[in-house]
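The values are calculated or read from the model by the stated rules, or taken from the named source; none is laboratory data. Here the structure is a predicted model, which means the values were calculated and not measured. When we count neighbours, we look across all protein chains shown, and the Cβ atoms used for this are built from the backbone with ideal geometry, even at glycine.
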Amino acid sequence: MDDPLLQFLTRGVYVLVFCLTLFDFLRWRDIPRLEVAALFASLALIIALQTVADTLAMTLPDWASTVAVLALLAQPYLLVRVLGQFRTVPVRQQAAALVGLGVSGGLFLVFGSTPPIWATVSIVIAFTYVEGYATVAFIRSAFSHRGLTQRRLIAVALGSGCLAGVIVASGLATTLPAARQVLTPLMDVLALASAVAYYVGIAPPGWLRRIWQGAEVRRFLLGLSGLSGSQRVASTLDYLGPAAARATGGRAALVALARDDASGVLDVHADLTARSALEVSHVSTLALDRSPSLHSAWQQRRCVALGTSDDWGWELRDLGLALDARGALIAPLVAGDRTYGVFIVFVNRASLFVDDDLAVLAVLADQAALAIEGSTRLEESIRERSTLTAVMSSMHEGLLVMDTDGVVRYCNDRTAELLGVERSSLIETPAKAVFEQVGSRLPAAASVMSQWKRALRTPEKRPLIEIELTGPSRSLLTEVFAVLDPAGAQRGVGVVIHDVTAERDLVRTKDELVSVVSHELRTPLASVVGFAELLRTRELSEPQRQQFLTVILEEGRRLTALINDFLDLQRMESGRQEIAPRPIALPMLLTQCAEAAGEDAARPIELQLPADMPEVRADSDRVRQVMANLLSNARKYSPAGGTVRVSADEADGQVIVRVEDEGLGLPPDAVSHLFEKFFRVDNSDRRSITGTGLGLAISRKIIEAHGGRIWAESEGLGRGSRFSFSLPVADIRNTSGDVLIVEDDAGFARLLEAELANRDITAVCVGSAEEALEQLQHETPKALVLDLLLPGIQGEAFLHSLCQTHAWTQPVIVVTVKDLSQTERAALKQLNVAAILRKEPTVGAAAADLVESIVRKRGNSRFGQGVAA
Amino acid sequence: MTTVLIADDEPSLRLLVSATISSDEYEVVEAMDGDEAWGLIRMHRPSVVLLDVQMPGRTGLELTRAIRDDPQLSGTCVILLTSKAQQADVQAGLDAGADRYLTKPFSPLELLRVVEQAVAPT
């Protein structure tokens, strides 16, 4: 080494590195640091002795030179020892290093400072081999690490490489003096480079570490910022693992999140790269109390590096084994005052350089915790929001929230529906403008506003403020409340809107009914009581007595009829009056009705009935009641006499019966009210005609219960009236068939029957479950088509009883308009239901296809449950 | 002879009133709706009119107002017959100028007493 400056610098750096490693060792006092210190001590020793000799311009005593050279010769071996801290050094190589040290040491001791050329070459080869091996190993190790460790390992490799270069050059210079001119400056440069590289690798200065750490953290944050606003915690976690592993030189990183229940159990979240390790180790949770290291990191909120000698706890240990990692870095994820979980980075081994990685991990953990906090909050708030929205829009009540400026900030769909405006036109609209939108339907808008304001001032009373909307009329009850934030400050005003239209209508109808009934009852009662009193208190002639008694009797009968009719109607309306439809022949029934009406020469009843009338499905007693009412009306309102004609004909699956008279007729405005309770045509020509006012209302109920319709027509006053009603035609039934169709919608049943007939499949149609049970006594069909909504016993109940008590095993196809839930569907499938079809006009063909496939299969082979749903 | 008019659409009630009141002192005129009643009131100028509140044509309340608005009918005593014992109707009737009201069913003797009181010189 000739250049004094380079020489000085080189020596200075080496000594500095030695001092730093020595301090490091003194501070930590562990074997790995001792080995590093020893490595640089070997170099520092020769440098020190050389420097002393140079300074004092003396030759070193032999013993000193010997020690110095032996120390230098030990350097490759020591380097291999240090290498062992980063990767496993094969025993072969360890032996080679040791042999190299022994051979070079021995040769040096034998030959002293002037060995023969072969000895020098041997020493150089041994040194270079080991040094070179270490260099390559460090480089490979560097590639298996990442983050700061990788950078430092590269630097160490560079240092070793350069040092090997120096030795080779020095050996060459000894053997080839001619090349010394060229080799000396090269040696100087390589020596300095090696010193600097070692410095950077082994004991990097603080500023350099910060730059490196900064780069890693920056990269991490850059990736993280790309995720900002991510709505899912999971996607944030997916990023955090690999990014932390990369930044800290780990094999893989896991994020373990604490459960909300403070149970001390963490759920491990692994990204794709670490997932296999979870599967291999069967670890999916970590319990804090099972891993002291984890527990201390969690409890003390500090980063911990685990080496082979630490107590990991079996879960972490298993994960480590699965990842072939002998070291782990743990950093708690703390944001605010909440610890969300831990970051666990698995590393090859907790090397000398682990502190740097731990420092980086600490920074990453802080950022990660913030990101997790953000994602968690966002996810929670989105979940909460969607739940809230679902709740609000499913509410039967309207809900409207205004801010303190009276601008609508939120309202649910129901609000818009109740107010009859678009929801979008309500949001962000001042309440005043909302009232304007509702406009003419709300005449008392100003009063409502002032009532709301008053209600807000008396929150304890929670008054209900009524809003009456006109055209269409709607009664709403509103309840206002102040929207308060947790601190109790008013943030806005909420309004809950109840629709009480139905209740109000009910109350009104009831009031009206009570008033009408009381009037209707009191009138005849007044006569009964009045005449009875006259009879008791007055002397009367016999004809007068008779007259009064007759009135009492008539009015008493009228009261009875009224009460009977009224009860009858109540029963019909409440659905308690059941009808029992059966196929009946109308001509006979109508003839009997005409006979029952009795003889009236002035008002004869004439029947015009076609010979080939189909049967109708009806309750004959009830039809008689309707006919009796219509015939009696026809005669009553024909005071001047006239023929009453009864006719019937068939149209569109229905039979229409007409009762026509030549009597008083109907004013046009009365036609639509005729079938209302207690409605009486108010005209002087019919004042004396009495009645309960309930007959037609009852008739309407009866006909509607049969699925028919009743209506009145008249050419006008004095031109007679025509009352008509329809009844469904009874199905012309097969009594035997492949398929049993249980369907009360005769139209659909017939459609399906026709579709099946096209496919050469015969069907029996029945209109109720009761009839189906009867039919099943005679015959077991190959399949059953069932409507769920039936008169009387419902489809589901029918199927239940079929399966339980009749051991029914044939396939069933359900055709229904009902919206069935998954549970209902599943329940039906348990009852031999092979398919559920929605009843639509077009479903006939599809149902028929399905039935065909079932019937054919059934015909050819033993039937299994293999029918497609 | 004092003339009493009964206006009611129920024939049996008209018969009851007429049977109760008709005597040597009282003549009863019957009307079966509000319009007929108005014509008969103008024609006969009865001292007492018994009006059903709820009847076709003019209602009892309308007739009461018409009677009170007609100076020629100033001495007429108006008695309402109501089947609704509802206070609102009664009040409306009294406000319209009716002198008394009777709620159906009423006692014929009570009716007679009310009519006698109405025509008795005060």
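How many of the residues in the range B:68-81 are in contact with a Gly (Cβ under 7 Å, 6 or more places away or on another chain) and within 17 Å of B:Leu102 (Cβ to Cβ)? Number of matching residues: 2.
Looking only at residues of the range A:179-200 that are among the small types (Gly, Ala, Ser) and over 21 Å from A:Ile125 (Cβ atoms), we find that the one that is modelled with the lowest pLDDT is A:Ala195. With the condition kept exactly as written, say whether any residue in the range A:640-650 is of a type in the set (Val, Ile, Thr), in a loop (DSSP other than H, G, I, E, B) and at pLDDT 85 or above. Checking the range A:640-650: at least one residue is of a type in the set (Val, Ile, Thr), in a loop (DSSP other than H, G, I, E, B) and at pLDDT 85 or above. Flag not set for A:Ser291, criterion: out of contact with any Gly (no Cβ under 7 Å at 6 or more places or on another chain), modelled with pLDDT of 80 or more and of a type in the set (Gly, Ala, Ser).
Residues in the range A:771-805 that are of a type in the set (Asp, Glu) and within 15 Å of A:Ile741 (Cβ to Cβ): A:Glu771, A:Glu774, A:Glu779, A:Asp787. If you check A:Leu569, A:Leu559 for being assigned to a helix (DSSP H, G or I), at pLDDT below 85 and buried (at least 18 other Cβ atoms within 10 Å of the Cβ), only one passes: A:Leu569.
Considering the range A:675-706, the residues that are part of a loop (DSSP other than H, G, I, E, B) and at pLDDT 85 or above include one that is farthest from B:Leu13 (Cα to Cα), namely A:His706. Among the residues of this structure, A:Ala41 does not count as one that is free of Cβ contacts under 8 Å to residues at least 24 places away in the same chain, among the small types (Gly, Ala, Ser) and part of a helix (DSSP H, G or I). Just one of the listed residues (A:Gly214, A:Gly264, A:Gly241, A:Gly249) is at pLDDT 75 or above, at positive phi and not assigned by TED's automatic domain parsing to the domain that holds A:Leu158, namely A:Gly264.
Scanning for something out of contact with any strand residue (DSSP E or B) (no Cβ under 8 Å at 6 or more places or on another chain), more than 24 Å from A:Val514 (Cα to Cα) and among the basic types (Lys, Arg), does the range B:81-103 turn up at least one residue? Checked the range B:81-103: no residue is out of contact with any strand residue (DSSP E or B) (no Cβ under 8 Å at 6 or more places or on another chain), more than 24 Å from A:Val514 (Cα to Cα) and among the basic types (Lys, Arg).
Filtering the range A:579-625 to residues that are in a helix (DSSP H, G or I), over 55 Å from the mean Cα position of the chain (by Cα) and touching a residue at least 60 places away in the same chain (Cβ under 8 Å) leaves A:Leu586, A:Pro587, A:Leu590, A:Gln625.
Yes/no matrix, rows are residues, columns are (1) crowded, with 19+ Cβ neighbours inside 10 Å; (2) aromatic (Phe, Trp, Tyr); (3) outside the structural domain of A:Leu850 (by TED's automatic domain parsing):
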| position | (1), (2), (3) |
| --- | --- |
| A:Lys701 | yes, no, yes |
| A:Trp711 | no, yes, yes |
| A:Asp745 | no, no, no |
| A:Arg750 | yes, no, no |
| A:Ala757 | no, no, no |
| A:Asp760 | no, no, no |
| A:Ala763 | yes, no, no |
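Residues in the range A:510-560 that are more than 8 Å from chain B (Cβ to nearest Cβ) and either aromatic (Phe, Trp, Tyr) or in contact with a Pro (Cβ under 6 Å, 6 or more places away or on another chain) (or both): A:Arg558, A:Leu559. As a summary of the residue check, B:Ala88 satisfies the conditions (1) outside any loop (DSSP other than H, G, I, E, B); (2) under 14 Å from B:Leu13 (Cβ atoms); (3) within 14 Å of another protein chain (Cβ to nearest Cβ) except for the one numbered (2). When the range A:535-545 is filtered for residues that are under 16 Å from B:Ser107 (Cα atoms) and not in a loop (DSSP other than H, G, I, E, B), the ones remaining, listed by number, are A:Leu535, A:Arg536, A:Thr537. When the range B:4-52 is filtered for residues that are farther than 16 Å from B:Leu80 by Cα, away from every other protein chain (no Cβ under 12 Å) and part of a loop (DSSP other than H, G, I, E, B), the ones remaining, listed by number, are B:Asp24, B:Glu25, B:Arg45. For the range A:507-539, the tally of residues that are within 54 Å of the chain's Cα centre (by Cα) and either farther than 20 Å from A:Ala561 by Cβ or free of Cβ contacts under 8 Å to residues at least 60 places away in the same chain (or both) stands at 8. Of the residues making up the range B:53-75, not a single one is closer than 26 Å to A:Val529 by Cβ, assigned to a strand (DSSP E or B) and under 11 Å from the mean Cα position of the chain (by Cα). Evaluate the range A:546-553: report whether one residue or more is loosely packed, with under 15 Cβ neighbours inside 10 Å, outside the structural domain of A:Lys636 (by TED's automatic domain parsing), part of a loop (DSSP other than H, G, I, E, B) and not acidic (Asp, Glu). No, the range A:546-553 contains no residue that is loosely packed, with under 15 Cβ neighbours inside 10 Å, outside the structural domain of A:Lys636 (by TED's automatic domain parsing), part of a loop (DSSP other than H, G, I, E, B) and not acidic (Asp, Glu). Here is a check on your reading of the model: is B:Leu109 within 9 Å of chain A (Cβ to nearest Cβ) and assigned to a strand (DSSP E or B)? The answer is no for B:Leu109.
For the range A:267-311, which residues satisfy the criterion of being surrounded by 13 or more Cβ atoms within 10 Å (Cβ to Cβ) and on the phi > 0 side of the Ramachandran plot? Of everything in the range A:267-311, just one residue is surrounded by 13 or more Cβ atoms within 10 Å (Cβ to Cβ) and on the phi > 0 side of the Ramachandran plot, namely A:Arg301. If we scan the range A:335-342, do we find a residue that is under 20 Å from A:Ala277 (Cβ atoms) and without any contact (Cβ under 8 Å) to a residue 60 or more places away in the chain? No, the range A:335-342 has no match at all.
The rows are residues; the columns are (1) in contact with a Leu (Cβ under 8 Å, 6 or more places away or on another chain); (2) of a type in the set (Phe, Trp, Tyr); (3) assigned to a helix (DSSP H, G or I).
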site	(1), (2), (3)
A:Leu49	yes, no, yes
A:Leu60	yes, no, no
A:Ala68	yes, no, yes
A:Ala71	yes, no, yes
A:Tyr77	yes, yes, yes
A:Thr88	no, no, no
A:Arg92	no, no, yes
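Exactly one residue among A:Val500, A:Val528 is surrounded by 13 or more Cβ atoms within 10 Å (Cβ to Cβ) and under 30 Å from A:Leu426 (Cα atoms), and that residue is A:Val500.
Scanning the range A:745-778 for residues that are in a loop (DSSP other than H, G, I, E, B), more than 14 Å from A:Pro583 (Cβ to Cβ) and not aliphatic (A, V, I, L, M) returns A:Asp745, A:Arg759, A:Asp760, A:Thr762.
If only residues of the range A:323-374 that are more than 35 Å from the chain's Cα centre (by Cα) and within 15 Å of A:Val268 (Cβ to Cβ) are counted, the one that is surrounded by the fewest Cβ atoms within 10 Å (Cβ to Cβ) is A:Ala325. Being under 60 Å from the mean Cα position of the chain (by Cα) and not in a helix (DSSP H, G or I) is a condition met by at least one residue of the range A:142-150. A:Ala730 - would you say it is without any contact (Cβ under 8 Å) to a residue 60 or more places away in the chain and among the small types (Gly, Ala, Ser)? No; evaluated as a whole, the condition is false for this residue.
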